[in-house]
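A.B. asks: Just passing along the structure, written as structure tokens.
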Amino acid sequence: MCRPEKPLTTSNKALRELQEWLREHRSRTRQGYRALAVRAGCHPTTLQRAASGDTVPKLQTVLNYARACDAPPEEARLLWRRARYEQTRQARGGRGLPAPRPEFIRDFVDLSAAVQDLYEKAGSPPLRTLEQRAGGFGVLPRSTAHRIVTKQAMPHSLQQFQAYLRACEVPEADWPDWEAAWTRAWRHEKNDDVALQSLIRHEQLREAMEKAKSDMGRLTQRVVEQVTVVVDGKEEVVLSRNGTYRRLLPTQRSQPRTARRRPAQASRLLPGRPVQGQLAIPIGEPEAEAPALF
């Protein structure tokens, strides 16, 4: 005959569902906690707290409880994850919007919320467990996993993102949707980077042109018709005094042309130009030899 259970007092609805499921299977076996502890391999008080406490028990305790009652471990694991997920949300005070589904992910903000939600729905396992599930040492290091689950970084490659999905035990049938979401987020991030760099470049050029105009206004010693505006060591714009400007195209180095000399020019070579301090004596054309008289 089973001893009456303590009343459930938890505010975690998912935990209450898990505890009711455990109690139902224990009552079906008609065993007390002492007999059940023998089959589960743990202390009776541990099993009793798992079915009546206010905090989510360890996963291994729930699995031992289910095994002792001949209950399906897959269902026990699923109920435990839900309870753990709800506990994590309550610890944050219920703040934040729900994470978007994969098809609604657009940028890194959406993706970071979604990957953190995957981790929490997996039961927030230890980082060492994530590393082991991902496929071994180096596939998803613990330091990388920590930055991902805390929204400090994103998986830098599709292979690493797949390893993260495997570590969070996401069904492989759902992987294509998540891979498409990862691709969209990275594409959006790269487009934003290009637009930002263009904006920064434009702002730097505007500031440089304003400074050049100011410098031209202060030059009273001599009249300067135009100045070259340089940004990041590169000549960008030629600014005229009247306010007009023109952009400089990137210069291309032309290949030096090899000097070619026609054969007819060889006999008409002029003497080289004398260097400083050297006397220059013009050399005329040689006189023709006088014809012989005899």
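A.B. asks: Under the classification rounded if a/c is under 1.5, otherwise prolate if a/b is larger than b/c and oblate if not, where does region 127-172 fall, given a ≥ b ≥ c as square roots of the Cα gyration tensor eigenvalues?
C.D. replies: Since a/c stays below 1.5, the shape of region 127-172 is classed as rounded.
A.B. asks: Of 107, 174, how do they rank once you tally other Cβ atoms within 10 Å and put the fewest first?
C.D. replies: Fewest-to-most Cβ neighbours within 10 Å comes out as 174, 107.
A.B. asks: Provide the net charge surrounding residue 142, with neighbours chosen by a C-beta distance below 13 Å and charges set as Lys +1, Arg +1, Asp -1, Glu -1.
C.D. replies: +2
A.B. asks: Put a dot 7 Å past each Cα toward the Cβ at residue 106 and residue 55; how far apart are the dots in nm?
C.D. replies: 4.1
A.B. asks: How far apart, in nm, are the 7 Å Cα→Cβ label points at residue 128 and residue 11?
C.D. replies: According to this spin-label approximation, the distance is 3.4 nm.
A.B. asks: Which residues among region 1-44 fall inside the zone where the amide N is under 14 Å from a point 7 Å beyond the Cα of residue 90, along Cα→Cβ?
C.D. replies: Zone members listed by number: 8-20.
A.B. asks: Please give, to one decimal in nm, the separation of the simple spin-label points placed at residue 152 and residue 70, each 7 Å out from Cα toward the Cβ.
C.D. replies: 5.0
Every number in this text was worked out from the coordinates using simple rules, so none of it is lab data. Here the structure is a predicted model, which is why all the values come from computation and not from measurement. Cβ: placed from backbone, ideal geometry, glycine included. Neighbour counts: every protein chain shown.
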